[in-house]
Every structure is written in C-alpha cells, then in structure tokens.
Amino acid sequence: MKSLFCLLLFAVVVLAQPTQQRPLVKPIPPAGVEVPAADRTELENGLRRLKAAMDKLKDNPLLPDVMIYHEAVRYALQYNEFFKLEEVFKAKLLLQHGEERARQLAEGKAPWTTATGLVVRGYVSKIDKSVQPYGLVVPPSFTPNTTHRWRLDAWFHGRGETLSEVNFLTDRETKNGEFTPRDTIVLHLYGRYCNANKFAGEVDLFEALDKVKQQYRVDENRILVRGFSMGGASTWQFGTHYPGLWAAIAPGAGFSESAQFLKLKLDGPEAPPWWEQKLFHLYDATDYAANLFNTPLVAYNGEIDGQKQAADMMEQAMSVEGLRMLRIVGPKTGHSYHPDSKIEIDRILDAIAERGRDPYPRKIRFTTWTLAYNQMKWATVDALGQHWERARLNAEIESDNAVKVETSNVTAFTFEFGSGGCPLALAGKPLVTIDGQKLAVIGPMSDRSWKVHFRKTGNQWAAVNSPIVAELTKRHGLQGPIDDAFLDSFVFVTPTGIPIVPGVAKWVESEQARAITEWRRHFRGDAQVRKDSEITDADIAASNLILWGDPGSNKILARIADKLPIKWTADGVVIGDKRFAAATHAPILIFPNPLNPNKYVVLNSGFTFREFDYLNNARQIPKLPDYAVVDTTTPPDFRYPGKIVLAGFFNERWSL
C-alpha cells in the first residue's frame, strides 16, 4: 500500500441541518461504491460457503488463518467498504483463498504454516474477540525444523483511509513491502486500520507478536520496530514507550508529538482543555526521549519532506537528555525513502541486529508519565507520586555488590534479572543506594536470577516483599484514563431498567449506539454487547465493564453506585463539593470495578476521541481524563459528547 499521511487539519464541510447549522467532518473511512447486484450475490454465496466450512473447524487452533478471509469480505460487504469496484474482484479471490485453506485444514494440512515468501495469518483478540489479520514475509532461508532463532522486524504501515481488511490482505499477499532484510521475518501489522497503532492498535502489535512467537522461533533479542509516515509515528511511539524490548528502532518521517505538529495554541480560548494537554504525555514520544539511552535508534526523513519535523523534535528532546541522534537524510527527497538511504539504513540495522539487544545492561535510564508505560530492561516502576508529571528512575550496577539508584516522582519499583542475568556477587547482601539512602538487601539466587521490590513511605525507602499493596491504588494496567479500558477485554453493558432521569436516558442511548458503531469503524471489531441482566460472574472476572445508563436503569451500576467516588441520584450528580442537576447532566468515569478491583468499570463512554480527530492521527489521543460531567442539553458533536462542565483525574489512591 502506498504510504500516505494525511494532514487534513481543517477538512470540515458545513451542511445545513433542519434545526441548526452543525459542521460535519469528512467521514473516515469514506463511503464505498455500490456493488453490482450480481457481484453482491456471488460474494454472499461465497461467504455462506466459507462460513459452512469454518463451522466444521471450530476446534482447530489454525481457524483464525481462515477467518481473516471471511471477516474481511463480510465487513466490506456489510458496511459498504468497497471503495473501488476492482476491490470486489479482490474479495472474490480472498474468498477462494479462504475456502482453499478451510479444505486443507479439513484434510489435516496447513502448508502456509511452513511456507516462505508472503503469508497472511490471523489471531483472535482478547479485546473484543474479533479476528485480526497480519502479514508475514518469511525469508527463503526459513526452515521450520531448526534450532535457529530468527530476527524479526515489525513494520507499521502508513495512513490509508481506504485500507480495509480486503485491501490489507491483498497487499500482504502480493507485495513484499519497503524492506526485506536477509534471513529476517518481517511482520506487517494491520494495527486495526488507521490509528497510528494507538489504543487497540497498540495492543495489536503485542497480540500479533505473541502469535508469531508461538508459530516461529523468534530471537527475543533481535526484534526491531520500523515504519514510515504514519508508521514512522508508530515507531517513535513504540520505540520510546517500550524501549527495553527492541534491538533497534528505525522510524521514517511521521510525527513524534501532537502540539507542535498540529500547530496548536496552548493558551487562550482556542487552547485544548488543561486535562487534554496533560494527556499529550501519553503518546508524545518527545516526552520519553531519555529512554533512547538504552535503545539504538536510526531515524530517517527526506531532505524536503515536511514530516522531517518529527525527527527535528526528537533530536531536540534527545539533546536535552545528552543524547545524539543518528539521522539518515534522503537527498532532495520528499515523502519517501531515497534508494541510497535504504541501503545505508539496512547496513546499520543489520550490524545492530547481529549484536542483538542487551537485556541486562549495567546502567539504565528511564522516564515515564504514567504506569501504563513502566518498564525498562530489568527495572519496573510500580507506583508514582503523581500521574501525568514526569517520573524518572536511573540505576547503575557500580560493582559486584553495589547498585546506585536515583528517582524522581517514583514511590515503588522492582528490579528483576532472569536466570544468568544478574552480575552481582552470589555471596553476601548487595548494597542498594536509593536517592542517597543505603539499603542492604537479599542477593541473587544460585542461577543468577534476582528479584527485589522497593517502596517509599514518606521520605524513607525500604525493601518489601511484594509490589502489591492492600489498599486501592493506581498501578500498571489499572491507572486510567478512560480509554485504557479499551486495551483489554471489555463488554458494553446495556440497561434494561427504568432510568432515574428520562432526558439523560436519551443521551445515553445515543452515545451507546455511537460507541458501538465507531468501535467497529475505527478499531475493526464487533464490540461485545450484553444486557445488564445477562452479565455473569465470569464476565465480571474477565472483562472491563462499560456500563451504559444510570443507577436506576442499569442493574450492574445499581450494585456498585454507593462504592464509586461520584454520587448519582435523581437529586443530582455530586463530585466532591460540586453538584449538577441530574435532569441535564451525566457523569463519565473510569474506576476499578468494586465487584472485581482488578478490572475497570466505565460509565457512559466509548473511546474518547471523535470524528474531528479521525482527520489527523496526531489528534488521536485521549480527550477525557479519569472522570467528567457532561451537560446533555448541549448536543454531542464531532469533538465532545456534550458540554464538558467538569473533568479531572483521580489521585494515586483513586479518590478525588
């Protein structure tokens, strides 16, 4: 697929409405073309045949490799996502490929699992139980029955508003892609469409990578992340947020932060709300530049490409941290790779990959703003003093019995070395100095593994037995904001009871319907939806619950309403010392589920960015924090679910 990144900052069409002037943004994905009746009938028949064949293979672990074909064509046909008539022919071919794989599986064969060249495969996502596709380029040297472990390069695609599953699978069955390093498996991520691999698109990398590791012998220390344009932005994000995982990162163009790239005014009436500016820290790679101390980087941009701005910003941020960027520039080149630059990039990355990742360097530097991103090599940050303020943890093994640690805004952390990894002496107790305080702690085990936890109380550090504390606190995977609930299994829970305020109930119904529709359009899966009366203990144990309605209409919400920090009755919505009329206001929030504090509940919200943000991937960040109150007398629009009259973050103990 041609890698394009769309800079549609103001692509707004104003259409007259019967009752008001309301601007509507360009729809993404766009509406498809009309499918001729004969072709529609042929595709429907093909889908029925493939579904019948799949039904006979329900217990086969390779079934997702067949399902990807069925779902690709079903989506395109059901949701009007054939964008050109030629795609109808592509869909027919994909159905043939799906039927062929189903036939082979029925015969006990699966030749694509050992094939070289271009291979498409799939997995079932934990998030919404959808099947998600990915593509592989398997090198000619690959043999399945070997002890050799293969280098893997993960590739993130550029922006493509018409990159349906049909077009993605077709591309991955016919095109090698930008780079095909020797003796390397290249993993092409779909990333759940066109979101710069954020949110569920971020999880897609790890779910696909886990599946590939099950099927191929991947060298954990020779995994590289690469991409161009929108995929370059993805690479900046993965490289700085998960720095300890990669042998190298190689972004091309893209964007590395939001405010400067979008030319936003951060002060005055046009500025984004304060909470939104705080949430820039979630994905802005510039805020995490210090993490490149431990991860090799090779950046690229064309000399005359406007998206050189991404590397410019990262170079500045790295310089502040005392780091120098290696940057390859394509001479007189716009938004593409220069042929000579590709050769140079491959030469450098091949040399880095040959050496491989060092999982246990003696010195690490790590910074974060949220426990969502909390690990660097052998160090894990377990608790922060305050979310959305910079935290740092620098650690160095100074000798075989001494470790020096410096922290800022960190209140708990863990050191963990796997077998054979710890360089400390086996005998005696190592001395760990944390912010000047000296602690003698347990030493490594006889296999040279080492695991030790530290927690700060007041101004004093101590070694502790566990990173988990009894009281409710923010921790990795349970730290918010609202959008975090959609990175793991979730269920939309619809109300069946009588609402306490009928007027707000209409807003709830509208927002719920929108959330279901937009999840499918932008994250390419059918959300799991169940009535409140159908929710089981298994659902509560396994999934984040997205509760629609109010304490009168939603049975699950009624069970937990008195355990939430926001009070919602017929008399009003109360947050701290602020009260809002229940007849015209509704709360939105994320909170650990009182019925299972290891999972979230969310009230009345899907993912929080909306239609205006679809126009530019740099806008696709959380738009609401941990909680908000909506004035429902202001109709929802392409930016917000109504007028936000109050919003904020819970503290580190999930309280106001």
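The values are calculated or read from the model by the stated rules, or taken from the named source; none is laboratory data. Since this is a predicted model, take the numbers as computed values, not measurements. All Cβ positions, even for glycine, are placed from backbone atoms using ideal geometry, and neighbour counts span all protein chains on display. Ligands, DNA and RNA are excluded from the accessible area calculation, which covers all protein heavy atoms including side chains. Shrake-Rupley method; radii C 1.70, N 1.55, O 1.52, S 1.80 Å.
In square angstrom, what is the accessible area per residue of segment 343-471 with a 1.4 angstrom probe? It would help to have the intermediate numbers written out before the result.
Numbers: 6170 Å² over 129 residues.
Result: 48 Å² per residue.
Heavy-atom accessible area per residue, segment 150-203, 1.4 Å probe: how many Å²? Write out the running numbers ahead of the final one.
Values: 1190 Å² over 54 residues.
Using a 1.4 Å probe on heavy atoms only, each residue of segment 150-203 averages 22 Å².
Could you give the DSSP H helices of the chain that reach 18 angstrom or more along their long axis (alpha carbon positions) and whose average Kyte-Doolittle hydropathy is no lower than -0.5? Write down the numbers at each step before the final one.
Working: long enough: 37-55 (27 Å, -0.82); 64-78 (21 Å, -0.01); 86-106 (31 Å, -0.66); 200-215 (22 Å, -0.42); 339-355 (25 Å, -0.44); 502-523 (31 Å, -0.85).
For the chain, where a helix must reach 18 Å along its axis and average at least -0.5, the hits are 64-78, 200-215, 339-355.
DSSP loop trypsin sites (Lys or Arg not before Pro) in segment 328-359 with at most 10 other Cβ atoms within 10 Å of their Cβ, which ones?
On the way: sites: K332, K342, R347, R355, R357; in loops: K332, R357.
Listed in order of number, the matching sites are K332.
Add +1 for every Lys or Arg and -1 for every Asp or Glu among the other residues with Cβ under 13 Å from the Cβ of A647, and state the total.
That sum, taken over residues with Cβ under 13 Å, equals +1.
Would you mind getting the Kirkwood hydrodynamic radius of segment 336-396 from its Cα pairs, rounded to one decimal in Å? It would help to have the intermediate numbers written out before the result.
Numbers: mean 1/r = 0.0697 Å⁻¹.
That comes to 14.3 Å for segment 336-396.
Mind ranking Y288, Y337 by accessible surface for me, highest first, 1.4 Å probe?
On the way: Y288 0, Y337 30 Å².
Most to least solvent-accessible, the answer reads Y337, Y288.
For segment 512-626, what are the per-bin percents of Cα-Cα distances with bins 5 Å wide, up to the bin holding the maximum?
It works out to 2, 10, 19, 22, 20, 14, 10, 3, 0, in whole percents.
Using only the Cα atoms of segment 344-438, build the gyration tensor, take square roots of its eigenvalues as a ≥ b ≥ c, and label the shape rounded, prolate or oblate: rounded if a/c is under 1.5, else prolate if a/b is larger than b/c, else oblate.
Here segment 344-438 falls in the oblate category.
Quick check on the chain: helices-only [θ] at 222 nm, where DSSP H runs of length 4 and up contribute -39,500 (n - 2.57) each and the sum goes over total residues. Nearest 500, please. Show your work: numbers first, answer last.
Numbers: 14 runs with 174 residues, N = 656.
Value at 222 nm, helices only: -8500 deg cm²/dmol.
Counting only heavy atoms of protein chains, what accessible area per residue, in Å², does segment 224-326 have with a probe of 1.4 Å?
Details: 3300 Å² over 103 residues.
Normalised by residue count, the accessible surface of segment 224-326 is 32 Å².
For segment 17-128, what number results from the quotient of the Cα radius of gyration and 2.2 N^0.38 Å?
Working: Rg = 17.5 Å, N = 112, 2.2 N^0.38 = 13.2 Å.
Working it through for segment 17-128, the quotient is 1.33.
Once the convex hull of the alpha carbons of segment 64-145 is built, what does its volume come to per residue, in cubic angstrom? Before the final figure, lay out the partial values.
On the way: hull volume 10.0 nm³, N = 82.
Roughly 122 Å³ of hull volume per residue.
Output the pairs from K56/K84; K84/K175; K84/K211 with a Cα-Cα distance over 22 Å in this structure; if there are none, say none.
Numbers: K56/K84 33 Å; K84/K175 19 Å; K84/K211 32 Å.
K56/K84; K84/K211, as the Cα separations exceed 22 Å there.
Of T634, T368, which has the most accessible area and how do the rest follow, probe 1.4 Å? Can you show the working numbers first?
Values: T634 55, T368 0 Å².
The ordering from most to least exposed comes out as T634, T368.
Kirkwood hydrodynamic radius, segment 139-271, all distinct C-alpha pairs: what's the number in Å?
Working: mean 1/r = 0.0628 Å⁻¹.
Kirkwood hydrodynamic radius for segment 139-271: 15.9 Å.
First measure r as the distance between the Cβ atoms of R392 and A37, then evaluate 1/(1 + (r/R0)^6) with R0 = 51 Å and state the FRET efficiency to the nearest 0.05.
0.20
Sorted from largest to smallest, which semi-axis lengths in Å does the alpha carbon gyration tensor of segment 267-349 give for its equivalent ellipsoid, taking the root of 5 times each eigenvalue? List each step's numbers first, then the result.
Details: eigenvalues 164, 62, 18 Å².
Square roots of five times the eigenvalues give 29, 18, 10 Å.
Past 21 Å, Cα to Cα: identify those pairs from K308/K332; K531/K578; K623/K643; K129/K623; K278/K377; K474/K563, in the order given.
Numbers: K308/K332 13 Å; K531/K578 32 Å; K623/K643 13 Å; K129/K623 26 Å; K278/K377 26 Å; K474/K563 17 Å.
Beyond 21 Å: K531/K578; K129/K623; K278/K377.
Leaving out ligands, DNA and RNA, and with a 1.4 Å probe, what % of the accessible surface on the chain is carbon or sulfur?
Numbers: 13860 of 26490 Å².
It is 52 percent, rounded to a whole number.
In cubic angstrom, how much convex hull volume per residue do the alpha carbon atoms of the chain span? Walk me through the numbers on the way to the answer.
Details: hull volume 116.3 nm³, N = 656.
Spread over its residues, the Cα hull of the chain gives 177 Å³ apiece.
Taking just the alpha carbons, could you work out the radius of gyration and Dmax for segment 192-249, both in angstroms?
11.4, 30
What's the extension gain from D210 to A462 if we count 0.36 nm per residue and subtract their Cα-Cα distance? List each step's numbers first, then the result.
Values: separation 252, 0.36 × 252 = 90.72 nm, distance 3.56 nm.
The D210-A462 span can extend by a further 87.2 nm.
Quick one: order K92, K563 from most to least accessible surface, probe 1.4 Å. Walk me through the intermediate numbers first.
On the way: K92 40, K563 115 Å².
Final ranking, largest accessible area leading: K563, K92.
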